[in-house]
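Nothing in this text is a laboratory measurement; each read-out follows from the coordinates by a stated rule. These figures come from a predicted structure and were not determined experimentally. Heads up, the Cβs are rebuilt from the backbone with ideal geometry, glycines too, and the neighbour counts pull from every protein chain shown.
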Amino acid sequence: MEFWLGAAFVETSEFRGLAQAADRLGYDTIAVSDHIFYTDYDASYPYTDTGAPPYQPDTHWPDVWVTIGAMAAVTERVRFATNVYIAPARDLFTVAKAVSTAAVLSGDRTILGLGVGWCKDEFLQTGQDFHTRGKRLDEMIPALRELWKGGMVEHHGEHYDFGPLSIAPVPAEPVPLYIGGDSDAALRRAARVGDGWIGNRIYSEEQLGDLLERLSGFLAEHGRTLADLKVIAPIGAMPSADLYRKWADRGVSGTMAAPWWLATPEEKARHGTGLDLKVATMERFADEVMAKM
């Protein structure tokens, strides 16, 4: 079982300290989240009953690739993932160059978690078509993989069309692509072209069981099984080694946690609410759960 650190809603100044702690404590991956701006969205957030997003105008959303570069510079082992990067809100070459550079600077410790996104407002401001985002992502994925191989590449498709060109630097190893989202379209995409799948919310055990059944069915359509796909699932149950062993046996490759969300009153009184508290709860989670796996 891999243990990913979910670093959404973290203050920008805390990322390097979190990365160093994760590196020291044995966490596998730090996942950073992507939004371009906050506004009075016309789009409705799909994962709350009210349609309002669960964050505020002053919530930090630092650029994911700058943040990964900064964390990579102060660590040696831990990997970095986006959960998730809304690639079709950007042009193809911005995505290709940013990810490639981060992969090179981190020593191939970068995972690209991809999603189509819900926020139409962001697409409007970046000049990308919201309504074709799924089709464009499907075409973007093979084009990115070819560009990252190095050498001259050309692509002639419905949404992207370019003659022979190359980008540099390119990573020494393929960048793993994990698909985020739990709609049928997202799960089908993960089954068809993904190296992994990332959950985009916290799932009850019942929800996770149903999701794995759906994902298994889509994988079977392509001659694949859960063993062929990294499955990273945040689980909405009290953390324990037994819990994670059970889900590892059912095909879950890793889980995502933010241990400070379960900080005790004593920990808050001792450490406050900033980086010290986050590191202390990460240490406790590593001792009480990770070490027993």
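Assorted remarks:
- Candidates G223, G217, G251, filtered to the one that is over 29 Å from E11 (Cα atoms), touching a helix residue (DSSP H, G or I) at 6+ places or on another chain (Cβ under 8 Å) and either among the hydroxyl-bearing types (S, T, Y) or without any contact (Cβ under 8 Å) to a residue 40 or more places away in the chain (or both): G251
- Residues within segment 7-32 that are among the small types (G, A, S), surrounded by fewer than 22 Cβ atoms within 10 Å (Cβ to Cβ) and closer than 19 Å to P234 by Cα, tallied: 2
- Evaluation of M256 against the conditions (1) within 27 Å of T12 (Cα to Cα); (2) surrounded by fewer than 17 Cβ atoms within 10 Å (Cβ to Cβ); (3) touching a residue at least 24 places away in the same chain (Cβ under 8 Å) shows that the sole unmet condition is (2).
- R90 being among the basic types (K, R), under 18 Å from S33 (Cβ atoms) and touching a helix residue (DSSP H, G or I) at 6+ places or on another chain (Cβ under 7 Å): yes
- The residue that is farthest from R77 (Cα to Cα), among those in segment 1-41 that are assigned to a loop (DSSP other than H, G, I, E, B) and without any contact (Cβ under 8 Å) to a residue 24 or more places away in the chain, is D40.
- Which numbered condition H271 misses (of (1) surrounded by 17 or more Cβ atoms within 10 Å (Cβ to Cβ); (2) free of Cβ contacts under 8 Å to residues at least 12 places away in the same chain; (3) under 20 Å from E2 (Cβ atoms)): (3)
- Taking the criterion of being in contact (Cβ under 8 Å) with a residue 40 or more places away in the chain, touching a helix residue (DSSP H, G or I) at 6+ places or on another chain (Cβ under 9 Å) and either acidic (D, E) or assigned to a loop (DSSP other than H, G, I, E, B) (or both), the residues of segment 169-184 that qualify are P169, V170, P171, A172, E173, V175, G181.
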